[in-house]
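Inspection log for the structure reproduced underneath, given as structure tokens.
The values are calculated or read from the model by the stated rules, or taken from the named source; none is laboratory data. These figures come from a predicted structure and were not determined experimentally. For neighbour counting, all protein chains shown are included, and Cβ atoms are generated from backbone atoms with ideal geometry for every residue, glycine included. The area values use the complete protein model at the heavy-atom level, side chains included, leaving out ligands, DNA and RNA. Shrake-Rupley method; radii C 1.70, N 1.55, O 1.52, S 1.80 Å.
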There are 2 protein chains.
Amino acid sequence: MDTEQLADRIVAGDRRALARAITLVESSRADHRDRAVALIEALRAKTGKQAVRIGLSGTPGVGKSTFIESFGMMLLGRGLRVAVLAVDPSSARSGGSILGDKTRMERLSRERDAFIRPSPSRSHLGGVARRTREAVALCEAAGFDVVLIETVGVGQSETVVAEMSDIFVLLLAPAGGDELQGVKRGIMEMADLILVNKADGELKATATRTQADYAGALRLLRKRPQDPEGFPKAICVSALQEDGLERAWDEMRTLVDWRRETGHFDARRAAQARYWFGQEVRQALLAQLETGAARARMDELAEDVAGGRMTPTVAAQEMLDGLRGA
Amino acid sequence: MDTEQLADRIVAGDRRALARAITLVESSRADHRDRAVALIEALRAKTGKQAVRIGLSGTPGVGKSTFIESFGMMLLGRGLRVAVLAVDPSSARSGGSILGDKTRMERLSRERDAFIRPSPSRSHLGGVARRTREAVALCEAAGFDVVLIETVGVGQSETVVAEMSDIFVLLLAPAGGDELQGVKRGIMEMADLILVNKADGELKATATRTQADYAGALRLLRKRPQDPEGFPKAICVSALQEDGLERAWDEMRTLVDWRRETGHFDARRAAQARYWFGQEVRQALLAQLETGAARARMDELAEDVAGGRMTPTVAAQEMLDGLRGA
């Protein structure tokens, strides 16, 4: 199947074609990479559709899988098509993937209008970021209405996800007041919506208190121009009892609609595109030091520097002259 | 004065020549840069002397200036020549320098065998790092026995200083047990010696408790191969009463002697040289994006990407092709 055909099938909503395209995007083989770039370029022309890209972060134990399953089923019930992607920089280390087992979202994975894709095992967060960004574009071209991009709160992965989402949602578990400080200020400032999960049974009262604590903390943050009155917001949900999910979606829609009307939606996507362009250029520039003759020359010069035969500055100049001459 | 003459005067211990050379090293003018590189290269051949490079970090209020003055005077009393340099990434912002006012170390600055140099006002930590590294090399060539590299604990500046020091010393003030957590784990792991200052008068008992707390915390860290038995260590000093300074220097010497004998001293310097070489190459590669035609092309492509006329990936490829063709 050539690139053109693959693109057509994706636009027609063929999930197997989509899965195949994402595999292409994940490959590090040069010929695959070329095809992937051509495919995304072909799709960019074919579709102007915008999905709502929702970034979702939550540490293990907050009930993220259950939430995505319940939330996804609710969206399907409203006639929306839902794709779920994951950014998990730890998956390379652990050998597995946070979404590796589709039984984690058993109901959702059986639905025709849902698409679930585990995180690829790539050690480099930059590689995971590009693959996920491209997979989002593919899902959008395939006509999904909502693309959920899931991450565990590890290192920089939340920033990566926020930089490719229209809205960023933080899923939390009910907890005592002390644990409020466990959420880093930077993450709080990225959140558009905080969902306190497990607001059911014995934990209901704790969840309500936690929600109030975070609502208070959010009020202390500086008002952002991209937010309508009342946002960022903290609300309670119960993924298990499928409670509060409709309201969560209504809040997200309110936010997205407001941002679309005021131009913040497009401005954010434009800023994100600029950001990823800069990141790709910088990463590619640095990557040339890691392979082939450049790598060998780096090692050679590093030995001269370590042995005191050359200063770091002179060696760096030699290296750069060599790169320019190559 | 040509480079050769300047190098000779520096080796002869001429402090004005040294000050002039550091000014050269701090300049961003291309011809100054060329001369600075040539000068350091010339000096590398002229002297094989190694100073003890001591990195010293402490937040404002711990009595860093008083400590450096007292400690420096004590070293002079032992017949050692002492240079003091500073890495202060905030100095560009605040407009001043943590060492700008030599009256801060009035006694030391009047001594013939001491040399004090304030932090340059450069906004970029990379630039400050290179300048300081080169200034350390100049001080070493000028025959100083001890080079103190001072920093406030802001952002990455501690890492920068640790990466150019033979030993890294953390200066702390007496404080309640709660504040122990204020020192980040990463900083604790870099420290070879913790000095709890102000162990005098009313604060003496608190200082002793603080010292015991940190000694306990250090024992919990994993033993590092570069440490003799008992290190890293926490001790009390009083810069004001000039108490414990000799012991601090004895501890530092014990550490340095042990590392020299076991090869860790040279291994660390070699690793640092490799590190700075890599940093310089990477910084220079990325810096080419910030000027001239490349900068203009980046802006142009970023606009195409933001406007949806090109994907970040395709734009990045175009940019890199352009750089290679240039």
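Each of A:ASN197, A:ALA234, A:GLN272 was scored by the projection of its Cα onto the charge dipole of the stretch A:194-274, and the greatest displacement toward the positive side belongs to A:GLN272; charges sit on the C-beta of Lys, Arg, Asp and Glu.
Only beta bridges with both residues in the stretch B:49-262 are counted; by DSSP, about 5 percent of them are antiparallel. Here the dipole of chain A is about 300 debye; that uses its Cα centre as origin and unit charges on the Cβ of Lys and Arg (positive) and Asp and Glu (negative). Considering only chain B, the C-beta nearest to the rotation axis that sends B to A is found at B:LEU285, 3, the distance in whole Å. When both the stretch B:191-232 and the stretch A:124-173 are represented by their alpha-carbon centers, they are found 44 Å apart. When only the Cβ of Lys, Arg, Asp and Glu is charged (+1, +1, -1, -1), the dipole of the stretch A:24-79 relative to its Cα centre reaches about 200 debye. Counting from the shortest, the label point at B:LEU220, 7 Å from Cα toward Cβ, is 2.5 nm from the same position in each remaining copy.
Quick check for me: using +1 on Lys/Arg Cβ and -1 on Asp/Glu Cβ, what's the dipole size of the stretch B:1-49 about its Cα centre, in debye to the nearest 20? Can you show the working numbers first?
Values: 10 positive and 8 negative charges, 45 e Å.
Roughly 220 debye, rounded to the nearest 20.
Helical runs (DSSP H, four residues minimum) scored at -39500 (n - 2.57) apiece and divided by the length of chain B put the mean residue ellipticity at 222 nm at -17000 deg cm²/dmol.
Chains B and A: how much accessible area gets covered up at their contact, both sides added, probe 1.4 Å, in Å² to the nearest hundred? Working shown, then result.
Working: alone 16350 and 16340 Å², together 29250 Å².
The summed interface area works out to 3400 Å².
Partner chain Cβ atoms within 10 Å, averaged over the residues of B:35-46 - can you pull that number for me? Don't skip to the end; give the middle numbers.
Working: counts 0, 1, 4, 1, 0, 4, 4, 0, 1, 5, 0, 0.
Mean number of neighbouring Cβ atoms from other chains: 2.
In the elastic network of chain B, a GNM with C-alpha springs shorter than 10 Å, the most mobile of B:GLY79, B:GLY186, B:GLY308 is B:GLY308.
Just the C-alpha atoms of the protein assembly as shown: what Rg/Rh do they give, with Rh taken as the Kirkwood radius? All intermediate terms of the calculation are to be shown ahead of the outcome.
Working: Rg = 29.0 Å, Rh = 28.3 Å.
Radius of gyration relative to Kirkwood radius: 1.03.
The fraction of accessible area contributed by carbon and sulfur in the stretch A:211-315 is 51 percent, rounded to a whole number (1.4 Å probe; ligands and nucleic acids excluded).
Long hydrophobic helices in chain B: the complete DSSP H runs spanning 27 Å or more by Cα along their own axis with mean Kyte-Doolittle hydropathy of at least -1.0 are B:264-287.
Within 10 Å of each Cβ in A:284-293, how many Cβ atoms from other chains are there, averaged over the peptide?
Numbers: counts 6, 9, 4, 1, 4, 4, 0, 0, 0, 0.
Average per residue, whole number: 3.
For the segment B:132-138, counting C-beta atoms of other chains within 10 Å of every residue's C-beta and taking the mean gives 1. Just going by the charge dipole of the protein assembly as shown, with Lys and Arg at +1 and Asp and Glu at -1 on Cβ, which of B:THR206, B:GLY292, B:SER165 is farthest out on the positive end? It is B:GLY292. Of A:ALA306, A:LEU320, A:ILE10, whose Cα points farthest to the positive end of the dipole of chain A (charges on the beta-carbon: +1 Lys, Arg; -1 Asp, Glu; origin at the Cα centre)? Value computed over the given set: A:ILE10. In angstrom, the C-alpha Rg and Dmax of chain B are 22.1, 70.
In Å², and per residue, what accessible area does the protein assembly as shown have when probed at 1.4 Å with the other protein chains present?
Details: 29250 Å² over 652 residues.
Per residue, the protein assembly as shown has 45 Å² of solvent-accessible surface.
Summary for B:THR208: label point 7 Å along Cα→Cβ; distances to the equivalent points in the other copies, ascending, 5.3 nm. Which distances, in nm and shortest first, link the A:ALA287 label point to the same label point in every other copy, taking 7 Å along Cα→Cβ? Once sorted, the set of distances for A:ALA287 reads 2.5 nm.
Rolling a 1.4 Å probe across all protein chains gives B:LYS49 an accessible area of roughly 80 Å².
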